[in-house]
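The values are calculated or read from the model by the stated rules, or taken from the named source; none is laboratory data. It should be emphasised that the depicted structure is a prediction, and the values quoted were computed from it without experimental measurement. Ideal geometry is used to build each Cβ from the backbone, glycine not excepted, and the neighbour counts take in all protein chains shown.
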Amino acid sequence: MKVKATEILLVEDNPDHVELALHVLNNHKIANRIHVARDGAEALDFLFGKGEYEGRNPTEDAPRVILLDLKLPLVDGLEVLRAIKKDSRTRMIPVVVFTSSTEERDMVESYRLGVNSFIVKPVDFEQFSDCMRDIGLYWLLLNESPRP
């Protein structure tokens, strides 16, 4: 399956959070190409060109940033992060954990595995919107990172 170059890979299983994130990013014209993976297994298939994404090149078609929830079905976010940072084709992709988890152990383990940023999702609608906008602005417009 041929997929256009992706600016953001959003790995999120909560449909309300997906809808709000897409609305904010599109409304502020921050990203044109956002791919949503609704579980950890789909995220890994997308990143490594497996399953329904067979033929997708993990290096040439790498997203510019990955927004990763931790509490995911099938494969949890920490396992996804571990796989991303372990593989030389995806290691350099910035990963932002964007999660409702306030567990210290989740934050410590995320940084131990090489996450670039750890953000706890605000519960307030306005704060969530502002946070999503700021994440997009920073990682797509301000941050300079090498392509994998």
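Structure notes:
- Of note, K50 does not satisfy the criterion of being of a type in the set (K, R), under 14 Å from I8 (Cα atoms) and surrounded by fewer than 16 Cβ atoms within 10 Å (Cβ to Cβ).
So that you can scan it fast, the table gives a plain yes or no per residue for (1) over 17 Å from E12 (Cα atoms); (2) in contact with a helix residue (DSSP H, G or I) (Cβ under 8 Å, 6 or more places away or on another chain):
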residue	(1), (2)
R33	no, no
T59	yes, no
L68	no, yes
L74	no, yes
L78	no, yes
I84	no, yes
V96	no, yes
D106	no, yes
E109	yes, yes
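- Exactly one residue out of D106, D76, D69 is at pLDDT 95 or above and closer than 18 Å to L20 by Cβ, and it is D69.
- Those residues of the range 95-148 which are within 20 Å of K29 (Cα to Cα), part of a loop (DSSP other than H, G, I, E, B) and without any contact (Cβ under 8 Å) to a residue 12 or more places away in the chain, in sequence order: E144
- Long-range neighbours under 7 Å by Cβ, at least six apart or interchain, first residue hydrophobic (A, V, I, L, M, F, W, C) and assigned to a loop (DSSP other than H, G, I, E, B) within the range 14-38, second at pLDDT below 90 and crowded, with 18+ Cβ neighbours inside 10 Å: I30/G136; A31/E7; A31/L25; A31/G136
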